[in-house]
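A quick write-up on the structure given underneath.
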Amino acid sequence: NAAEKGGYEHFMLKEMYEQPKAITDTFSPRIKEGKIVIDELNMSDEEIKAIKKIMIVACGSAYHTGVTSKYILEGLARIPVEVDLASEFRYRDPLLEEGTLVIIVSQSGETADSLAALREAKARGAKVLGIVNVVGSSIAREADNVMYTWAGPEIAVATTKAYTAQLIAEYLLAMKFAYVRGKLNDAELAALIDDMRKLPAQVEMLLNNKQKIQKFANRYLAAKDIFFIGRGIDYAISLEGSLKLKEISYIHSEAYAAGELKHGTISLIEEGTLVAAVLTQEELYKKMISNMVEVKTRGAFVLAVTNTENTEVEKAADYVIYIPKTNKYFTNSLAIIPLQLFGYYVSIGRGCDVDKPRNLAKSVTVE
Ligand code: G6P
């Protein structure tokens, strides 16, 4: 009812607006005197140093946070990371050598495949860490360690604030592991913490820009296909942006690692096809711009989501959404906001039931 939605038209919009708080609540209790302290993480520094490999296993958007985290854990902590869908992991006779840490990410803590993956990993002797939003849920109870995301209850089927909080928990973990393993010094850690403290206000600012996105979204209500492209972390953002759009608007969309376009997807570009290009990684700008030019030449309308005012981007795009500056690892938390808003406005513009899309459940507890 209206009171539960706190004055917002839909739960999804309300929950998007709760993201700054979800970020703060997830990180602030874990930063003490300039260090990352994850009390509930029952791992000594020796155990953290002994990790040889991390496997992140999850479903849906939680899986997408794992794809992002692979870049961050490998980049910051230099630990090899594999990311797998729970429904694949559990049936593929996974190799869990000594020293493998399995991380199960789940908002509900009840997703059947994720819970089965947890049990499989434990049965094979791996140590399992759960990153979970619902306190006391099955995954939280059965994992060896649980790190909670403090996003609060999420009602809309399409996750927003829980996804955002998962990213923060995973950043903290990567920073902690990197620091303990000597890959980050005090000054570098302090700079990352500083950037993290800025995220809530930056997200707020992006949310307040919603009218601009709504106007843009209204032009695409009749789209047949929409493509999302990016490289590195921007590919991970594209996966989530594409899922948000398709699950609530019923418009077909696909996320592509931009370098793969030439291997198939580019043949689908027609006059007017919308391609959302995410570019937040400086070392990949040039490569991304050439992909944008490639699709534009074939008639695509290119929407760029980027963090740098750059004339080359402006030339290669038809429409540009700027996100504020942060370090290269945290850009997902900002770039996803306009993409969530885009999905939301396309959905309501088409008259879809944005909070309860057809055929979907908030928590998939049966297979
Ligand atoms: C469903 C939800 C998604 C969620 C996925 C995994 O598909 O609609 O939003 O990402 O399940 O759920 P979990 O609770 O394990 O994060």
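Worth pointing out:
- Criterion violated by ILE79 - all others in (1) more than 16 Å from the ligand (Cβ to nearest atom); (2) outside any loop (DSSP other than H, G, I, E, B) satisfied: (2)
- Subset of segment 214-252 that is basic (Lys, Arg) and part of a helix (DSSP H, G or I) - its residue that is surrounded by the most Cβ atoms within 10 Å (Cβ to Cβ): LYS244
- Of the residues ALA123, ALA156, the single one that is within 14 Å of the ligand (Cβ to nearest atom), among the small types (Gly, Ala, Ser) and surrounded by fewer than 24 Cβ atoms within 10 Å (Cβ to Cβ) is ALA156.
Every residue, every condition in (1) touching a residue at least 12 places away in the same chain (Cβ under 8 Å); (2) within 15 Å of the ligand (Cβ to nearest atom); (3) among the polar types (S, T, N, Q), yes or no:
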| residue | (1), (2), (3) |
| --- | --- |
| MET288 | yes, no, no |
| VAL295 | yes, no, no |
| ASN310 | yes, no, yes |
| TYR319 | yes, no, no |
| LYS325 | yes, no, no |
| LYS328 | yes, no, no |
| GLY343 | yes, yes, no |
| GLY351 | no, no, no |
| LEU360 | yes, yes, no |
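- Qualifying residue in segment 16-24 (condition: within 21 Å of SER137 (Cα to Cα), within 15 Å of the ligand (Cβ to nearest atom), aliphatic (A, V, I, L, M) and assigned to a strand (DSSP E or B)): no
- Residue in segment 46-65 that is β-branched (Val, Ile, Thr), within 16 Å of the ligand (Cβ to nearest atom), in contact with a strand residue (DSSP E or B) (Cβ under 9 Å, 6 or more places away or on another chain) and part of a helix (DSSP H, G or I) present: yes
- Residues in segment 201-218 include at least one that is in contact (Cβ under 8 Å) with a residue 24 or more places away in the chain, within 23 Å of GLY66 (Cα to Cα) and among the aliphatic types (A, V, I, L, M).
- Screening segment 133-147 for residues that are closer than 19 Å to THR24 by Cβ and buried (at least 20 other Cβ atoms within 10 Å of the Cβ) and picking the one that is nearest to the ligand (Cβ to nearest atom) gives ASN133.
- Criterion violated by LYS70 - all others in (1) within 16 Å of the ligand (Cβ to nearest atom); (2) surrounded by 18 or more Cβ atoms within 10 Å (Cβ to Cβ) satisfied: (1)
- Residue selected from segment 87-101 under the condition crowded, with 16+ Cβ neighbours inside 10 Å and farther than 24 Å from ILE48 by Cα, by the criterion farthest from the ligand (Cβ to nearest atom): ARG90
- Meets criteria (within 15 Å of the ligand (Cβ to nearest atom), within 15 Å of the chain's Cα centre (by Cα), of a type in the set (Val, Ile, Thr) and more than 17 Å from ALA50 (Cα to Cα)) for ILE104: yes
- Filtering segment 155-196 to residues that are charged (D, E, K, R) and more than 16 Å from the chain's Cα centre (by Cα) leaves LYS176, ARG181, LYS183, ASP186, GLU188, ASP194, ASP195.
- Residue check, THR65 closer than 23 Å to THR164 by Cβ, in contact with a Pro (Cβ under 9 Å, 6 or more places away or on another chain) and at pLDDT 95 or above: no
- Taking residues in segment 22-42 that are over 17 Å from ASN145 (Cα atoms), and partners anywhere that are among the hydrophobic types (A, V, I, L, M, F, W, C) and not in a helix (DSSP H, G or I), the pairs with Cβ atoms closer than 7 Å and at least 6 places apart or on different chains are ALA22/TRP150; ALA22/ALA151; ASP25/TRP150.
- Segment 44-54: number of residues that are within 19 Å of VAL146 (Cβ to Cβ) and surrounded by fewer than 24 Cβ atoms within 10 Å (Cβ to Cβ): 4
- Segment 1-24, residues that are aliphatic (A, V, I, L, M) and either in contact with a Gly (Cβ under 8 Å, 6 or more places away or on another chain) or farther than 19 Å from GLY343 by Cα (or both): ALA2, ALA3, ALA22, ILE23
- Test for ILE103: is it more than 24 Å from MET16 (Cα to Cα) and in contact with a strand residue (DSSP E or B) (Cβ under 8 Å, 6 or more places away or on another chain): yes
The values are calculated or read from the model by the stated rules, or taken from the named source; none is laboratory data. These numbers come from a predicted model, not from an experiment. In this analysis, Cβ positions are derived from the backbone assuming ideal geometry, glycine residues included, and neighbour counts consider all displayed protein chains.
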